[in-house]
Amino acid sequence: MAERSAPHAPVLVVGLGRFGAATANRLTQLGREVLAVERDPQLAQEWSGQLTHVVEADSTNIEALRHIGAGDFSIAVVGIGTSIEASVLTTANLVDLGIGQIWAKAISPSHGKILGRIGAHHVLYPETDAGDRVAHLVSSRMLDYIEFDEGYFGIVKMRPPKEIQGFTLGESSVRRKYGVTVVGVKSPGQDFTYAQPDTRVNKQDTIIVAGQTDLLNRFASRP
């Protein structure tokens, strides 16, 4: 069933809790073939009518994974969060099966460290990441926030501070004053435009700004 041809390769999703189910469902909507593995028969039954392939199996048993063809996949997502032991054993089994990309959910830094050490290629902290993102949104003018490079660099969508409203970017000198770069401007009813020094920013506009996270926070906190 599975083949190793990215970027459209089928994806193995282990665990149909909130994170795993949301991931599997979204992948399916994006047209990816998904094999979902769930130990709980009730959850497996619940999702069997919504996902293309759902198998009830114990992912901590490597023979069970071999039986369902897990080793044929090149990408796997481990969404198990209720049991660290099950998460670690499952990830170790997928590593032993030679899966090339393993994305594993962690519920704590120590859990994440273990997952990384046993071979997970990408460790995810969905609850922590979501909480951090919401904290940024509620404490500033940000409408959306994406962080890169472990908290060092980010991109935000926000309303323009009063001091740059009605001025061109060249006149307001955002980069010189705040160390961040306005990369785009979206005016109501108009297409998104890449920012130029002569781009004028108005009160109702939405701006896209990139820079170091501490500088972005300072700029987004301006009235």
Quiz item: Any idea which residue in the stretch 72-89 is surrounded by the fewest Cβ atoms within 10 Å (Cβ to Cβ), counting only those that are out of contact with any helix residue (DSSP H, G or I) (no Cβ under 7 Å at 6 or more places or on another chain) and over 18 Å from residue 43 (Cβ atoms)?
Solution: 85
Quiz item: Of all residues in the stretch 33-43, which are over 20 Å from residue 73 (Cα atoms) and surrounded by 16 or more Cβ atoms within 10 Å (Cβ to Cβ)?
Solution: 43
Practice problem: Return the total of residues in the stretch 39-72 being touching a residue at least 24 places away in the same chain (Cβ under 8 Å) and under 17 Å from residue 10 (Cα atoms). | Solution: 12
Quiz item: Would a scan of the stretch 180-193 turn up a residue that is under 20 Å from residue 153 (Cα atoms) and among the basic types (Lys, Arg)?
Solution: no
Practice problem: Could you tell me whether residue 209 is modelled with pLDDT of 90 or more and touching a helix residue (DSSP H, G or I) at 6+ places or on another chain (Cβ under 6 Å)? | Solution: no
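Which ones in the stretch 179-209 are assigned to a loop (DSSP other than H, G, I, E, B) and either touching a Leu at 6+ places or on another chain (Cβ under 9 Å) or in contact (Cβ under 8 Å) with a residue 24 or more places away in the chain (or both)?
Taking the stretch 179-209 and keeping what is assigned to a loop (DSSP other than H, G, I, E, B), we get 179-180, 187-192, 195-199, 202-205.
Answer for the stretch 179-209, where residues must be assigned to a loop (DSSP other than H, G, I, E, B) and either touching a Leu at 6+ places or on another chain (Cβ under 9 Å) or in contact (Cβ under 8 Å) with a residue 24 or more places away in the chain (or both): 179, 180, 195, 196, 197, 198, 199, 202, 203, 205.
The values are calculated or read from the model by the stated rules, or taken from the named source; none is laboratory data. Fair warning: this is a prediction, and the values are worked out from it, not measured in the lab. Counting neighbours? That spans all protein chains shown, and the Cβs are built from the backbone with ideal geometry, glycine included.
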